[in-house]
Structure formats: structure tokens, C-alpha cells
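Trainee: Here you go, one structure.
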Amino acid sequence: MLVMKDIVKIYKNGLLELKALDQVSLTVAKGEFVAITGPSGSGKSTLMHIMGCLDRPNAGEYFLDGEDVLGYPEQKLAAVRNRKIGFVFQNFNLLPKLDALTNVEIPLIYRGEERKISRQRAARLLEMVGLGDKMRHRPSELSGGQQQRVAIARALVGDPPLILADEPTGNLDSRSGAEIMELFKQLNSQGRTLVLITHDPNVARQANRIIYLQDGRVIPAPGGVAASEVS
Ligand code: ADP
Ligand code: ADP
């Protein structure tokens with residue numbers, strides 16, 4: 001599904017150069033549920049931006065669902081992003097004036113989908129995430145966990161091959177966070193490919209595989225424990 005090879009990202013601040021990613025190579029197979037974790041400053045956000053086609057590396061290769069995306073010009077990259085990736089963010093990123101149903105419809109509206117079809121599909125996904133009775137609620141009328149479920153429905157509505165979640169439980173109490181992780185596990189068991197970025201070891205542990213970042217490099221599991229033994 002996703003192959004990265006020797007990805008390098010350098011930030012320049014005046015004369016200072018900071019290598020945020022140093023030859024990162026990784027693969028995620030179709031149907032996997034992978035967590036990418038590491039301490040603050042290890043490069044998680046930078047990697048997530050490149051993986052999400054929101055930013056480009058200075059060097060390296062990136063194939064997403066068979067497409068050599070780094071070779072694409074900006075407009076084509078944006079199209080790939082919309083088609084191939086469903087994003088889930090820490091802050092939900094819902095539009096406050098729109099109800100849950102319309103928030104979920106947005107990716108389909110952008111695609112020019114017929115409104116009747118987008119409504120139906122959004123409603124179906126809201127039911128799937130357990131919000132069938134809250135479709136007409138605005139984000140401010142929903143709890144954090146419910147808002148994140150709306151955001152997950154929105155990520156799924158265009159049926160993208162990859163779901164990319166950036167600290168999805170970071171703004172939730174532990175119970176809502178656990179519910180969101182359960183939902184991710186269910187989605188994965190239905191065959192969805194999930195990549196989850198988190199600094200929280202307890203969240204990372206719930207994925208099927210963990211990739212550790214430290215100082216911009218992929219490292220073996222800290223403490224010498226193989227990632228496969230952690231879960
Ligand atoms: P994480 O998400 O794991 O906290 P980041 O990817 O945000 O890590 O940051 C990795 C390193 O790159 C850090 O040292 C951070 O300060 C630096 N960095 C991130 N974004 C920028 C930027 N836009 N300009 C300069 N340095 C940055
Ligand atoms: P997140 O909460 O997703 O980890 P961060 O707080 O690391 O995000 O970064 C927020 C924004 O600031 C990002 O766009 C990142 O690229 C940028 N950034 C992070 N570290 C630095 C830095 N040292 N200098 C400039 N920009 C930075």
C-alpha cells in the first residue's frame with residue numbers, strides 16, 4: 001500500500017539546518033494497522049505530512065498505492081491526497097456551522113458527487129460509527145469522542161485505500177480514546193489499512209505493528225524488544 005525509501009527531510013532556519021527525517025524507509029501492506037511512535041521532536045509530524053502528501057521530502061522515494069507520488073506536480077498530488085487518503089486529526093477539524101451529516105458529506109461534495117448519493121453514504125457511515133441519532137447535531141453539540149467519530153466517518157466516506165490518523169486520541173479522555181481505538185480495530189478487521197501517529201505508547205500498543213522513530217530515524221523497539229512482541 002505504502003512504500004517509503006530513504007526519505008530525508010531537512011528544515012532550514014537561516015544558517016541552521018535540521019535533519020528532521022534521516023533516511024527513513026518503511027512499508028505498510030494493504031490491510032495492516034500500523035502505529036508510528038516516538039518522543040516529541042522525533043519526526044512524527046514531519047513523516048505524517050510527507051505520508052499524507054501535504055509536504056515533500058528533500059530526498060527519497062514514496063509510492064502510495066502503486067503511484068510514484070513525489071514525481072507529481074502539486075495539483076496532481078492534491079488529487080491523490082483526496083482520492084487515496086482519509087485524514088483523522090487530533091482536533092477533529094470539523095466545520096462548526098455544519099451538522100454532522102454535512103461534515104461527513106464534504107469530501108464527496110468536493111468530488112462533485114450527486115447530493116442525494118452523498119447524503120445517503122454519509123448517513124450510512126454515521127450509523128456505522130454509532131451516531132445515527134446525532135446526524136443533525138453540530139460539532140458543539142457533540143462530545144469530543146462523538147466529534148472524532150464524525151471525523152472518522154468523514155475520513156471513510158470517499159472510500160480511500162488508506163486512513164491516516166494523527167494523534168486521534170490526543171484530545172480525548174481515556175474512555176473516549178479507548179472507544180476510538182476500538183473503532184479503528186473494527187475498521188481494520190474489515191480490511192481497512194490504517195496508519196496511526198501517536199506519542200502515546202499505550203495507544204501505539206493497540207496497533208498490529210509499531211514503527212519507532214527517534215531523532216528522525218527508524219529504530220528497533222526501544223529496550224531491544226521486537227515490535228511484534230510488544231502487542
Ligand atoms: P514530532 O512530531 O515527533 O514531535 P516533528 O516532525 O514535529 O516531530 O519535528 C521533528 C524535528 O523537526 C524537531 O526537531 C522540530 O523542531 C523540527 N521541525 C519540525 N517542523 C519544523 C519546521 N517547520 N521548521 C523547522 N524545524 C522544524
Ligand atoms: P503536532 O502537534 O502535529 O506534533 P507540532 O506542534 O510539532 O505539530 O508542529 C506544529 C507546526 O509547527 C507544524 O506545522 C510543524 O511543521 C511546525 N514546527 C514544529 N517545530 C517547529 C520548529 N522548530 N520551527 C518551526 N516550525 C516548527
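Trainee: Given (1) at pLDDT 95 or above; (2) open to solvent by 50 Å² or more (accessible area, probe 1.4 Å); (3) basic (Lys, Arg), identify the lone condition not met by Lys44.
Mentor: (2)
Trainee: Looking for something open to solvent by less than 80 Å² (accessible area, probe 1.4 Å), assigned to a helix (DSSP H, G or I), away from ligand 2 (no atom under 16 Å from the Cβ) and under 21 Å from Thr27 (Cα atoms) - is there at least one such residue anywhere in region 169-176?
Mentor: no
Trainee: How many residues does region 122-138 hold that are open to solvent by 10 Å² or more (accessible area, probe 1.4 Å) and assigned to a helix (DSSP H, G or I)?
Mentor: So the answer is 5.
Trainee: Quick one: in region 177-203, which of the residues that are open to solvent by 80 Å² or more (accessible area, probe 1.4 Å) and charged (D, E, K, R) is farthest from Ala29 (Cα to Cα)?
Mentor: Filtering region 177-203 for residues that are open to solvent by 80 Å² or more (accessible area, probe 1.4 Å) and charged (D, E, K, R), the one farthest from Ala29 (Cα to Cα) comes out as Glu179.
Trainee: In the set Ala35, Ala20, Ala79, which member is open to solvent by less than 70 Å² (accessible area, probe 1.4 Å) and more than 16 Å from ligand 2 (Cβ to nearest atom)?
Mentor: Answer to the selection: Ala79.
Trainee: Same structure again: Taking the condition open to solvent by less than 10 Å² (accessible area, probe 1.4 Å), within 12 Å of ligand 1 (Cβ to nearest atom), in contact with a strand residue (DSSP E or B) (Cβ under 6 Å, 6 or more places away or on another chain) and in contact (Cβ under 8 Å) with a residue 12 or more places away in the chain, does Met4 pass?
Mentor: No; evaluated as a whole, the condition is false for this residue.
Trainee: Next question. Collect the residues in region 58-97 that are of a type in the set (A, V, I, L, M, F, W, C), under 17 Å from the mean Cα position of the chain (by Cα) and part of a loop (DSSP other than H, G, I, E, B), keeping them in residue-number order.
Mentor: Selection gives Phe89, Phe92, Leu94.
The values are calculated or read from the model by the stated rules, or taken from the named source; none is laboratory data. Being a predicted model, the structure only gives us computed values, none of them experimental. Note: ideal-geometry Cβ built from the backbone for every residue, glycine included; neighbour counts use all protein chains shown. Heavy atoms of the whole protein, side chains included, go into the accessibility calculation; ligands, DNA and RNA do not. Shrake-Rupley method; radii C 1.70, N 1.55, O 1.52, S 1.80 Å.
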